[in-house]
Amino acid sequence: MANGRHGWVCQTAFIRALNSASDRELLEQFQQQRQTGRYAIALICRYEKRVADILTTYLRQSDRMDEYGRYVWYHCFRTWQTLALSELGDIDLNAWLETEIPVVLKHIAEASRSGRGLPEEMASPLPIPLWCYLVQALESIPGDLRFVLVLSDVFRWTPRQIAQQLTVEGYTLAESEVIPTVARARELVWHMLPDDISSMYLAVEAVAS
């Protein structure tokens, strides 16, 4: 799951300065400073290899390792935001991951058996920290804007296809209005990203794209 488009962030002084912080300290700051992304990055950098090792144990040679990994990481990302730290005492994230990941994988397996696969957005080349914040932001925007943005940026539908599908769904949106609507949805998502996430990742992604 580690890749060159993310690994460099773990080696920056910005993130290395948090290496001495305990798991609890990072989690506390992650929960308390929602508009700061560095604590999520530090946690992902710290446990990226461990999560990959656990996934390899359970999935072995799955060709969907990256998608499973992203699902697991997003689960951790959202769960850690509301984890009741005051009730956990001395938290050991290594032990927590060893217990939690099999539960998440079981949930994926049950969903697959019932005909529901992993969401399409689980397949992405984006670095995991940036991707987690983007998915969270996407979930927070109005449903109609999210629908249009997903059709455009995930499924790569044309404006005509999107307008036609919206008509089927009971919405009225002229084909000429699709591109401005997608732009508005993107702008809402970008504004929801923490400033340090934007400054560290987006310029690099723009160059790499």
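The values are calculated or read from the model by the stated rules, or taken from the named source; none is laboratory data. Since the model is a prediction, treat every value here as computed from it, not as a measurement. Glycine also receives a Cβ, built like all others from the backbone with ideal geometry; neighbour counts cover every protein chain displayed. Heavy atoms of the whole protein, side chains included, go into the accessibility calculation; ligands, DNA and RNA do not. Shrake-Rupley method; radii C 1.70, N 1.55, O 1.52, S 1.80 Å.
At a Förster distance of 22 Å, what's the computed FRET efficiency of residue 88 paired with residue 34, Cβ-Cβ distance as r, to 0.05? After rounding, the FRET efficiency stands at 0.65. If you take the Cα centroid of segment 15-56 and the Cα centroid of segment 84-157, the two points sit 17 Å apart. To the nearest 10, the accessible area of residue 184 is 130 Å² with a 1.4 Å probe. For the chain, a simple Cβ point-charge model (Lys and Arg +1, Asp and Glu -1, everything else neutral) yields a dipole of about 320 debye relative to the Cα centre. Shown is the FRET efficiency for residue 13 and residue 50, computed with R0 = 22 Å from the Cβ-Cβ distance and rounded to the nearest 0.05: 0.40.
How large, in percent, is the carbon and sulfur part of the accessible surface of segment 34-77 at a probe radius of 1.4 Å? Let's see the in-between values first.
Values: 940 of 2100 Å².
Carbon and sulfur: 45 percent of the exposed surface of segment 34-77.
Site pair residue 99 and residue 144 shows an inter-label distance of 4.5 nm when each label is modelled 7 Å from Cα along Cα→Cβ. In the context of the full set of protein chains, residues of the chain present 54 Å² of accessible surface per residue (probe radius 1.4 Å, heavy atoms only).
How charged is the neighbourhood of residue 112? Take every other residue with its Cβ under 13 Å from the Cβ of residue 112, and add Lys/Arg as +1 and Asp/Glu as -1.
Working: positive: 64, 106, 113, 116; negative: 67, 110.
After counting each charged neighbour, the total is +2.
Using a Förster radius of 35 Å, what is the FRET efficiency between residue 186 and residue 75 based on their Cβ-Cβ separation? Nearest 0.05, please. After rounding to 0.05, the efficiency reads 0.90.
Residue separation of residue 174 and residue 60 scaled by 0.36 nm, minus their Cα-Cα distance, works out to 36.3 nm of gained length. A DSSP coil position with no more than 16 other Cβ atoms inside 10 Å describes the following chymotrypsin sites (Phe, Trp or Tyr not before Pro) in segment 86-181: 155, 171.
Note the angle between two axes, namely the Cα long axis of helix 159-168 and the longest principal axis of the Cα atoms of the chain, as a number of degrees from 0 to 90, rounded to the nearest 10. Tilt relative to the chain: about 90 degrees. Annotation: cysteines of the chain without a disulfide-compatible partner (Cβ-Cβ under 4.7 angstrom) are 76, 132.
Angle check, please: helix 93-113 long axis (alpha carbons) against the longest principal axis of the chain (alpha carbons), in degrees 0 to 90, nearest 10. On a 0 to 90 degree scale, this one is about 30. Could you pull out the GluC sites (Glu not before Pro) across segment 145-180 that fall in loop regions by DSSP (anything but H, G, I, E, B) with no more than 13 other Cβ atoms inside 10 Å? Filter output for segment 145-180: 169. Based on DSSP H segments of at least four residues, each scored -39500 (n - 2.57), the chain has a per-residue ellipticity at 222 nm of -21000 deg cm²/dmol. Between 0 and 90 degrees, the angle of helix 175-192 with respect to the longest Cα principal axis of the chain falls at about 20 degrees.
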